[in-house]
Amino acid sequence: IAENPSAQPWIKKFTDKYGVGPSSYAFTAYDAMLVALDGIKRVAESGKEVTRSAVRDAIQTAKVQTLQGVISFDQYGDINDRTISVFQAKYDSKYPPEAVLRQYKYLGVAPQSV
């Protein structure tokens with residue numbers, strides 16, 4: 001996420017406002033909101049009534065650029081990109097414990113099994 005240039009302004013705005021970097025839950029919640037809003041927008045622009053089922057169907061066909069990459073789903077509703085990133089939490093006394101961007105080190109992508 002930190003390497004994603006489109007995430008940088010959002011991280012700065014969040015950090016400036018709250019005094020700490022966003023947690024992994026904040027990134028995921030923000031991205032989920034982007035996917036939901038995309039579905040609602042596409043239903044509204046199509047002229048259809050914005051209903052739960054119409055939005056669900058629109059989300060199923062989503063290809064939304066988010067902070068964590070492009071979100072899209074397969075025919076079963078499962079996310080297409082099943083990449084799992086591995087982070088190591090290692091306390092650095094120079095920063096407060098809640099300074100997520102300083103207390104977690106990105107180690108890479110977890111190996112995928114077949």
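The values are calculated or read from the model by the stated rules, or taken from the named source; none is laboratory data. What you see is a predicted model, and the numbers here were worked out from it, not measured in a lab. Because the Cβ atoms are built from the backbone with ideal geometry, glycine has one as well, and the counts that use them run over all protein chains shown. Quick note on the areas: whole protein, heavy atoms, side chains included, nothing else; ligands and nucleic acids left out. Shrake-Rupley method; radii C 1.70, N 1.55, O 1.52, S 1.80 Å.
Distance between the 7 Å Cα→Cβ label points at Asp16 and Glu98: 2.0 nm.
At a Förster distance of 35 Å, what's the computed FRET efficiency of Ser24 paired with Ser46, Cβ-Cβ distance as r, to 0.05? Working shown, then result.
On the way: r = 33 Å, r/R0 = 0.96.
The calculated FRET efficiency here is 0.55.
How many nm separate the modelled label positions at Thr61 and Ala89, each set 7 Å beyond the Cα in the direction of the Cβ? Simple spin-label model gives 4.2 nm for this pair. Taking all protein chains as they are arranged and a probe of 1.4 Å, the heavy atoms of Asp78 leave approximately 80 Å² accessible to solvent. Quick one: Debye curve from the alpha-carbon atoms of the chain only, equal weights, vacuum; give me log10 I(q)/I(0) at q = 0.10 Å⁻¹ to two decimals. The Cα Debye sum returns log10 ratios of -0.40.
Annotation note: trypsin sites (Lys or Arg not before Pro) in region 1-83 located in DSSP loop regions with a Cβ neighbour count of at most 14 within 10 Å are Lys48, Arg82. Applying both filters, DSSP loop and at most 14 other Cβ atoms within 10 Å, to the GluC sites (Glu not before Pro) of region 1-97 gives Glu3, Glu49.
Derived scalar couplings between HN and Hα for region 37-43 equal 5, 4, x, 4, 4, 5, 5 Hz in order, rounded to whole Hz, by the Karplus curve 6.51 cos²θ - 1.76 cosθ + 1.60 (θ = phi - 60°), x for Gly and Pro.
Overall, region 6-57 carries a charge dipole of about 80 debye about its Cα centre when +1 sits on the Cβ of Lys and Arg and -1 on the Cβ of Asp and Glu, all other atoms neutral.
For the chain, with every protein chain kept in place, what is the accessible area per residue (1.4 Å probe, Å²)?
Numbers: 8430 Å² over 114 residues.
Solvent-accessible surface per residue comes out at 74 Å².
Electrostatic bookkeeping for Tyr30 treats Lys and Arg as +1 and Asp and Glu as -1; over the other residues with beta carbon under 15 Å from its beta carbon, the sum is +1.
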